[in-house]
1. Answer with one residue from L58, H23, I7: the one whose Cα lies farthest towards the positive end of the charge dipole of region 1-107, charges on Cβ with Lys, Arg +1 and Asp, Glu -1.
2. Arranged from highest to lowest average of other beta-carbon atoms within 10 Å per residue, in what order do the peptides 122-130, 17-25 appear?
3. State, to one decimal in nm, how far the label point of Q61 lies from the label point of E32, with both points 7 Å from Cα in the Cβ direction.
4. Take every DSSP beta bridge with both residues inside the chain and express the antiparallel ones as a percent of the total, to the nearest 5.
5. Working out 0.36 nm times the residue gap between K155 and F71, then minus their Cα-Cα distance, what length gain in nm do you get to one decimal?
6. Does region 68-132 come out rounded, prolate or oblate by the C-alpha gyration tensor, with a ≥ b ≥ c the root eigenvalues, rounded set by a/c under 1.5 and, if not, prolate when a/b is larger than b/c and oblate if not?
7. What is the spin-label model distance, in nm, from A105 to M146 if the labels are put 7 Å beyond Cα along the C-beta direction?
8. Report ³J(HN,Hα) in whole Hz for each residue of region 145-152, in order, from the Karplus equation J = 6.51 cos²θ - 1.76 cosθ + 1.60 where θ = phi - 60°; Gly and Pro get x.
Amino acid sequence: MKIQQKITPFIWYEKGAEDAVAHYLKVFGSGEVLHTQRWGENSPGAAGTVMVVQFELLGQQMTAFNGGPHFKLNEAFSLMVACEDQAEVDHLWEQLPAGGGKPKACGWVEDAWGLSWQVIPAAWFEMIRDPDPARVQRVFQAIWAMEKIDIAALKRAYA
């Protein structure tokens, strides 16, 4: 097999990796399952159940693993999504937590499987690179007060 991508996120789920991947593909509307591996006989998982799902989401290859309760997802690892406009922010903010997830602070949302996503407007990256530290600080102050990011409010703080 030819290596397509040198670094690939490997996401450990207690269970439901296949459902999580299907959800992500639906939410983003772009991607595919590349391979599904099932647990065999005499393995930690029930024989025949999904062990690993290798998938591509918006051109990014990832691996979802049904590893059981040994490790838990938390905010120490998240996936950041750069959104083009408020409509995309709103869509992802609504769809990613569907089925049992929850919104968090500063543009973060947790999905129903415990994976954290940062739903961030692309404009934010430009704003925080401004050479004026006062403008950058105002943008950070504004984002820290938000749950879902409001691009218009960020632009007002930036100005």
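1. I7
2. For the peptides 122-130, 17-25, the packing ranking is 17-25, 122-130.
3. 1.4
4. 65
5. 26.3 nm
6. Judged from the Cα gyration tensor, region 68-132 comes out oblate (a/c at least 1.5, b/c at or above a/b).
7. 1.6
8. With the stated coefficients, region 145-152 comes to 8, 9, 9, 5, 6, 9, 4, 4 Hz.
Quick note: the coordinates plus some simple rules give every number you see, no bench work behind them. What you are looking at is a predicted structure, and each value in this text was computed from that prediction instead of being measured. Glycine gets a Cβ as well: all are built from the backbone with ideal geometry, and neighbour counts include every protein chain shown.
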